[in-house]
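A.B. asks: I have a structure here, written as structure tokens, and I will follow up with some questions on it.
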Amino acid sequence: MTREYDFDLITIGAGSGGVRASRVAAQYGARVAIVEERYLGGTCVNVGCIPKKLFVYASEFSEAFEDAAGFGWTAPKSGFDWRKLIANKNHEIERLNGVYGKLLTDSGVRIINGRAVVIEPHTVAIGNERLTSRYILVATGGWPTIPEIPGAELAISSNEAFFLERFPSRAIIVGGGYIGVEFAGIFHGLGAKVTLVHRGPLFLRGFDDDLRQALAGEMRKREIELHFNSLVEKIEGNRAGVRVRLSDGASLEADLIMFATGRAPNSHGLGLEQAGIALDAKGAVMVDRYSCSSVPNIYAVGDVTNRRNLTPVAIAEGRAVAETLFNGKPMSVEYEDVPSAVFSQPPIGTVGLTEAEARERYGEVDVYKSSFRPLKHTVSGRDERAFMKLVVDPKTDRVVGCHMMGPDAGEIIQGLAIALKCNATKAQFDATIGIHPSAAEEFVTMRTKS
Ligand SMILES: Cc1cc2nc3c(=O)[nH]c(=O)nc-3n(C[C@H](O)[C@H](O)[C@H](O)COP(=O)(O)OP(=O)(O)OC[C@H]3O[C@@H](n4cnc5c(N)ncnc54)[C@H](O)[C@@H]3O)c2cc1C
């Protein structure tokens, strides 16, 4: 590598994508620096996937205690300590921050704390320091947006939800994406009275319609109030309590209002436009299939490019950039059949095309559906159903979509994602022996088209 520059790669942002790209590049012998202004591990580790899943685990105990009674247990009266949960979560996140730091330094990556700005295509400024690099990787992620409505300053985003001093007894969650739905479940499970407000007729746009309906039904059974077709127009009150006016005329009161109405690419104030980097209308860095921006030596991965805003996708993009630039193997990421989960109660797992997408692409499709009471709830007495669905292209017999709502949906769908990657046919699903008794076996025993 040339010594013309201080580094071969400077990565801006030590989140999921930036860390992976930097580590792999350094393993190939590149001289790498990574600049991070906040916390190692980025959104996922600090205010995203990991603390969220810990909160989801915490929230599920209330139902587990109730379900235990059907199995003969007499549980002592349960109590919940929010501060203890936050403290234990923070402890784990600090441990992970350390793990990320060690992984980077062990790979030979120099970690620089501070805010980086691109001042020229080969130069980055961190405060007064100027560093040059052959390549620059923008991996600055995204940031929650809250609409500009009267009283918006009284609302929090998911960032603050992870550090609340006080647990609310009534919470309003605004937004029907997966983050809003998951936080509705978290606050409900931990004991709050929850209302979810969403501007559309049903939440989780982009997921299969049957799953969306099924989850809405299960959430209503849990007495989570779903307020669809409605926008928040005004918030009054103070941080201790708010009154919220909705566009349909309704008025709600709560101790907390959290917006999960979207995230914007973190691309402003970074000097990107001045360096000649093209951004789209939403501020996302525009890149080609190798994640190269409009400036040939500047690359971008992860949420700042607004492709599929998921951690494993950012990691795959980061790795591909390192392979392309430092291993002589141009690599791009495939965005077909990216599995994902919603850690709701019950959870959702999905991979491939929804029924509507498949009909658009293939015309006629075969659909197999199953709805059943999970074995556990035959004895727990909980009124909960699981739902599964396969979408098949009849011309090739290929399974093009697998969708599930029910226990362990994320874990089950991860395995099926491999089958879809291998172009598995319905006949191969049918030829697979099930594991009994499990919910997953239903995916290989669905024989009747709906
Ligand atoms: C509440 C929530 C839950 C989520 N749950 C899931 C989930 O269950 N599964 C899943 O796959 N994904 C989930 N995600 C999405 C996931 O967190 C992101 O897709 C992923 O973190 C994107 O990685 P990234 O590398 O693009 O950016 P990030 O992880 O956001 O990292 C960007 C880093 O860049 C730093 N930075 C920004 N600007 C500068 C600068 N100028 N100088 C220096 N540093 C800078 C930031 O401080 C940050 O650390 C969740 C997100 C949220 C908010």
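The values are calculated or read from the model by the stated rules, or taken from the named source; none is laboratory data. Note that the structure is a prediction, hence the values are computed from the model and not measured. Backbone-built Cβ (ideal geometry, glycine too); neighbour counts: all protein chains shown.
A.B. asks: I want to confirm something. Restricting to region 165-213 and keeping residues that are assigned to a helix (DSSP H, G or I), out of contact with any His (no Cβ under 6 Å at 6 or more places or on another chain) and among the aliphatic types (A, V, I, L, M), which single residue is nearest to S78 (Cα to Cα)?
C.D. replies: My answer is I186.
A.B. asks: Among residues belonging to region 276-304 that are aliphatic (A, V, I, L, M) and within 13 Å of the ligand (Cβ to nearest atom), point out the one that is nearest to T123 (Cα to Cα).
C.D. replies: Here the residue is A300.
A.B. asks: Quick one: G401 ticks every box in (1) in a loop (DSSP other than H, G, I, E, B); (2) under 20 Å from A214 (Cα atoms); (3) among the small types (G, A, S) bar one, so which box is it?
C.D. replies: Just one mismatch for G401, condition (1).
A.B. asks: Could you please find all residues in region 204-215 being crowded, with 19+ Cβ neighbours inside 10 Å and either over 23 Å from the mean Cα position of the chain (by Cα) or more than 23 Å from I50 (Cα to Cα) (or both)?
C.D. replies: Of everything in region 204-215, those that are crowded, with 19+ Cβ neighbours inside 10 Å and either over 23 Å from the mean Cα position of the chain (by Cα) or more than 23 Å from I50 (Cα to Cα) (or both) turn out to be D208, D210, L211, R212, A214.
A.B. asks: A further question follows. Given the conditions (1) part of a strand (DSSP E or B); (2) of a type outside the set (D, E, K, R); (3) more than 16 Å from the ligand (Cβ to nearest atom), and given that A33 satisfies all but one, which numbered condition is not satisfied?
C.D. replies: All conditions pass for A33, except number (3).
A.B. asks: Follow-up. Only one residue in S340, S371, S380, S332 is among the small types (G, A, S) and within 15 Å of the ligand (Cβ to nearest atom), so which one is that?
C.D. replies: The match here is S340.
A.B. asks: If you scan region 381-397, which residues turn out to be of a type outside the set (D, E) and surrounded by fewer than 19 Cβ atoms within 10 Å (Cβ to Cβ)?
C.D. replies: G381, R382, R385, P394, K395, T396
A.B. asks: Search region 1-30 for residues being part of a strand (DSSP E or B) and among the aliphatic types (A, V, I, L, M), and hand back the single one that is farthest from the ligand (Cβ to nearest atom).
C.D. replies: The qualifying residue farthest from the ligand (Cβ to nearest atom) is L9.
A.B. asks: For the condition modelled with pLDDT of 95 or more, within 12 Å of the ligand (Cβ to nearest atom), buried (at least 17 other Cβ atoms within 10 Å of the Cβ) and among the β-branched types (V, I, T), what is the one hit in V109, V117?
C.D. replies: One residue alone meets the criteria, V117.
A.B. asks: Further, regarding this structure: Scan region 404-450 residue by residue and report those that are among the hydrophobic types (A, V, I, L, M, F, W, C), outside any helix (DSSP H, G or I) and exposed (fewer than 14 other Cβ atoms within 10 Å of the Cβ).
C.D. replies: Answer for region 404-450, where residues must be among the hydrophobic types (A, V, I, L, M, F, W, C), outside any helix (DSSP H, G or I) and exposed (fewer than 14 other Cβ atoms within 10 Å of the Cβ): C422, I433, I435.
A.B. asks: Please give the number of the condition R38 fails out of (1) within 16 Å of the ligand (Cβ to nearest atom); (2) assigned to a loop (DSSP other than H, G, I, E, B); (3) touching a Leu at 6+ places or on another chain (Cβ under 7 Å).
C.D. replies: Among (1) within 16 Å of the ligand (Cβ to nearest atom); (2) assigned to a loop (DSSP other than H, G, I, E, B); (3) touching a Leu at 6+ places or on another chain (Cβ under 7 Å), the lone unmet condition for R38 is (3).
A.B. asks: Count, please, the residues in region 115-160 that happen to be in a loop (DSSP other than H, G, I, E, B), more than 29 Å from the chain's Cα centre (by Cα) and over 26 Å from V45 (Cα atoms).
C.D. replies: Number of matching residues: 3.
A.B. asks: Turning to a different aspect of this structure: Would you say I93 is surrounded by fewer than 23 Cβ atoms within 10 Å (Cβ to Cβ) and more than 30 Å from V244 (Cα to Cα)?
C.D. replies: yes
A.B. asks: Right, here's the next one. Scan region 42-74 residue by residue and report those that are away from the ligand (no atom under 16 Å from the Cβ) and in a helix (DSSP H, G or I).
C.D. replies: F61, S62, E63, A64, F65, E66, D67, A68, A69, G70, listed by residue number.
A.B. asks: List the number of the failed condition for S78; all other conditions in (1) in contact (Cβ under 8 Å) with a residue 60 or more places away in the chain; (2) among the polar types (S, T, N, Q); (3) not in a strand (DSSP E or B) hold.
C.D. replies: Evaluating S78 over (1) in contact (Cβ under 8 Å) with a residue 60 or more places away in the chain; (2) among the polar types (S, T, N, Q); (3) not in a strand (DSSP E or B) leaves (1) as the failure.
A.B. asks: At pLDDT 95 or above and touching a strand residue (DSSP E or B) at 6+ places or on another chain (Cβ under 6 Å) - does that describe any residue in region 43-65?
C.D. replies: no
A.B. asks: When you go through (1) touching a Phe, Trp or Tyr at 6+ places or on another chain (Cβ under 8 Å); (2) buried (at least 16 other Cβ atoms within 10 Å of the Cβ) one by one for G318, which number turns out not to apply?
C.D. replies: Condition not satisfied by G318: (1).
A.B. asks: For region 140-159, which residues satisfy the criterion of being of a type outside the set (S, T, N, Q) and either more than 11 Å from the ligand (Cβ to nearest atom) or at pLDDT below 95 (or both)?
C.D. replies: Matches in region 140-159: I146, P147, E148, I149, P150, G151, A152, E153, L154, A155, I156.
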